[in-house]
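Every number here is computed from the coordinates shown, using simple stated rules; none is lab data. Please read these numbers as outputs of a predicted model, since none were measured by experiment. Cβ: placed from backbone, ideal geometry, glycine included. Neighbour counts: every protein chain shown.
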Amino acid sequence: MRVEKADEVINKALDLVRSGKVDEAISLYENFLEVEEIPEILNNLANLYRMKGFVSKAIELYERALKISPSFKDAKLNLAVAFLEIGRYGEAMMILENLKDSGYESDELYLALAIAYERSKRMSDFIAAYKKVRRSDKDDVLRSYGVEPPR
C-alpha cells in the first residue's frame, strides 16, 4: 500500500521538477519521509539536494537510503558521484569498483569511474573506462568535472 503512495509521490515530484518547481518537489519528498522512509524517496530527494548544490545533505540522504537497502545500486552510484563532486575520489572509486565487480554496468558508472581514475592519475584505467561509455555527450560530462577526454 505504501509503495503505491510512494510511486504517486515520485511521479508528482518528477512533474514538479520538470515544471521548474524543485523546492516544491523537495517539500513533497520531505513530507512523505516524515511518515515513512523509502529508499527511492531518499535517493530522489538527495538528487534534488545535489542539484541545488547541497552535496553534504545529499550524501547523508544516500547513506540513509543505503542503511535501509544496502544493495540499492542507484543510491550507491549517486553517492559515489556526490563524493566525486567534493573531491573524495578514493571513496568514490571504491564504491564504483564494487558496483562494477558486482556486475552493474552503465554509462554513468563508467563516466564516474573515468573521472575517479583520471583524478587518481590511473591513466590506463581512465582510458579503459572512457572507452566503455557510449553516450554522445561523454566529453562534455568529463569537461564539466574538469577532466579532458583522452585523445
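The table that follows gives values for the structure above.
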{"read-out": "Where labels lie 7 Å past Cα in the beta-carbon direction, separation of residue 100 and residue 73 in nm", "value": "1.5 nm"}
{"read-out": "Distance between modelled label sites at residue 11 and residue 132, nm, 7 Å Cα→Cβ extension", "value": "3.5 nm"}
{"read-out": "In degrees, nearest ten, helix 22-33 long axis to first principal axis of the chain (Cα)", "value": "70 degrees"}
{"read-out": "Coil-residue trypsin sites (Lys or Arg not before Pro) of segment 84-125, DSSP, other Cβ within 10 Å capped at 12", "value": "121"}
{"read-out": "Inter-site label distance for residue 144 and residue 60 at 7 Å from Cα along Cβ, in nm", "value": "2.5 nm"}
{"read-out": "Segment residue 52-residue 23, extension gain: residue separation times 0.36 nm, minus the distance between their alpha carbons", "value": "9.5 nm"}
{"read-out": "Integer Hz, Karplus 6.51/-1.76/1.60 couplings in order for segment 136-141, x for Gly and Pro", "value": "6, 9, 4, 5, 5, 4"}
{"read-out": "Loop-located trypsin sites (Lys or Arg not before Pro) in segment 1-82 whose Cβ has at most 14 other Cβ within 10 Å (DSSP)", "value": "21, 52"}
{"read-out": "Relative frequency of Cα-Cα separations exceeding 18 Å in segment 2-151, percent", "value": "59 percent"}
{"read-out": "Segment 2-88 shape via C-alpha gyration tensor axes, a/c threshold 1.5", "value": "oblate"}
{"read-out": "DSSP-assigned coil residues among GluC sites (Glu not before Pro) in segment 37-145, each with at most 11 further Cβ atoms within 10 Å", "value": "105"}
{"read-out": "Dipole axis of the chain (+1 Lys, Arg; -1 Asp, Glu on Cβ), positive-most option in 129, 71, 83", "value": "129"}
{"read-out": "Karplus (6.51, -1.76, 1.60) ³J(HN,Hα), θ = phi - 60°, over segment 96-105, in Hz, Gly and Pro reported as x", "value": "5, 5, 5, 4, 4, 5, 7, x, 6, 9"}
{"read-out": "³J(HN,Hα) computed for each position of segment 8-15 - Karplus, 6.51 cos²θ - 1.76 cosθ + 1.60, integer Hz, glycine/proline x", "value": "4, 5, 4, 4, 5, 5, 4, 4"}
{"read-out": "Placed amide H near residue 52: partners under 5 Å, 5+ positions off or other chain", "value": "none"}
{"read-out": "Between 0 and 90°, nearest 10: helix 123-132 axis offset from the chain longest Cα axis", "value": "60 degrees"}
